[in-house]
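Just so it is clear, none of the values below were taken in a lab; they were calculated from the coordinates. This is a predicted model, so every value here is computed, not measured. So basically every Cβ, Gly included, is an ideal-geometry build from the backbone, and we count neighbours across all protein chains shown.
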Amino acid sequence: MKTSLCALALLVYAGPALAQESTLADPSIKHRPADGVVRLYGAGGPHTAFQKVAKAFEEKTGNKVEITAGPETTWSAKAQADADILWGTSEQSMTAFLETYGNFDSSQVQPIYIRPAIIAVRADNPKKIEGFEDLLKDGIKIVVTEGAGVANTSGTGVWEDIAGRTGNLGDVSAFRSNIVAFEKGSGASFRAFKDLEADAWITWPNWPINNPDVLSLVELDENRRIWRDVNVVLSPDADPQAKAFLDFLQTPEAATLMKTEGWKR
């Protein structure tokens, strides 16, 4: 019998921070994911595109997919018990996850999509920001996402990679002097961008795509562009349908859906 909706246990974009505070494995939890439901866990961001793919998969197969996204502390215990699939919003994020979720094998991690960092600006772009050089001007207020050594977020180090991309120390210094907030997750960064009336935020395409009333997207120049992948890993004890869903997630049909939020293969 077909089950219709992809469950999303979580925050919406205006909700809690999307960083994952560090968690520890609980040895008392038994990992038993085979329960007839394909369960994915990971950080907010890719989840909205995954929802679209999951809905298509459910309609085709009748298999239920449940997506849980948000701060790791909100879902860690449950994932240790029943996760079929984990996703990481960057390679460093997945590496951090695997410190906790020992039932998953690092050698089985698959990078499946990639997206570029972008500049999100206010919807009307009042400062007329067109690229990286505009971010170095006096008076520009920038928000960046940074794990700060305590949170697992895809934004860690991205602003520095962009600013230092051409080997010019002056660019890093000038950019840093314009940062008004270092936030531990994209949700927190989005709130800071609005609360501080910032001019720019270094983030990912899905944010302006999903919040066009607040944000506009400005692409970084080719020589500044940094890419991070979304990757997945399957539990060796997963439901058989979970492997089928991962296969579907990498089909041309799924790629078309993922592309609507800035992801590419």
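Descriptive notes on the structure:
- Net charge of Cβ neighbours under 12 Å - reference residue 113; Lys, Arg +1; Asp, Glu -1: +3
- Subtracting the Cα-Cα distance of residue 61 and residue 148 from their residue separation scaled by 0.36 nm leaves 27.1 nm.
- Multiplying the residue separation of residue 223 and residue 110 by 0.36 nm and removing their Cα-Cα distance gives an extension gain of 38.0 nm.
- The slack in the chain from residue 237 to residue 52, taken as 0.36 nm per residue of separation less the alpha-carbon distance, amounts to 64.1 nm.
- Dividing the summed helix terms, -39500 (n - 2.57) for each DSSP H run of n ≥ 4, by the number of residues in the chain produces a 222 nm estimate of -9000 deg cm²/dmol to the nearest 500.
- Cα centroid separation, region 21-53 to region 150-185 (Å): 29 Å
- Cβ-based net charge around residue 31, under 14 Å, with every Lys or Arg adding one and every Asp or Glu removing one: -3
- Computed from point charges on the beta carbon alone (+1 for Lys and Arg, -1 for Asp and Glu), the dipole magnitude for the chain about its Cα centre is near 420 Debye.
- Electrostatic tally near residue 224: other residues with Cβ closer than 11 Å to its Cβ, Lys and Arg +1, Asp and Glu -1, net -4.
- For residue 255 and residue 81, a Förster radius of 30 Å and the Cβ-Cβ distance give a FRET efficiency of 0.45, rounded to the nearest 0.05.
- Derived scalar couplings between HN and Hα for region 182-194 equal 9, 10, 8, x, 5, x, 5, 5, 4, 5, 5, 4, 6 Hz in order, rounded to whole Hz, by the Karplus curve 6.51 cos²θ - 1.76 cosθ + 1.60 (θ = phi - 60°), x for Gly and Pro.
- Matching the structure-derived log10 I(q)/I(0) by the Debye sum over Cα atoms at q = 0.10, 0.17 Å⁻¹ against the labelled list (1) -0.52, -1.49; (2) -0.50, -1.28; (3) -0.45, -1.50 gives the label (2).
- Amide proton proximity set for residue 118, modelled H, under 5 Å, gap of 5+: 203, 204
- Each Lys and Arg Cβ is given +1 and each Asp and Glu Cβ -1; about its Cα centre, region 118-224 then shows a dipole of about 260 debye.
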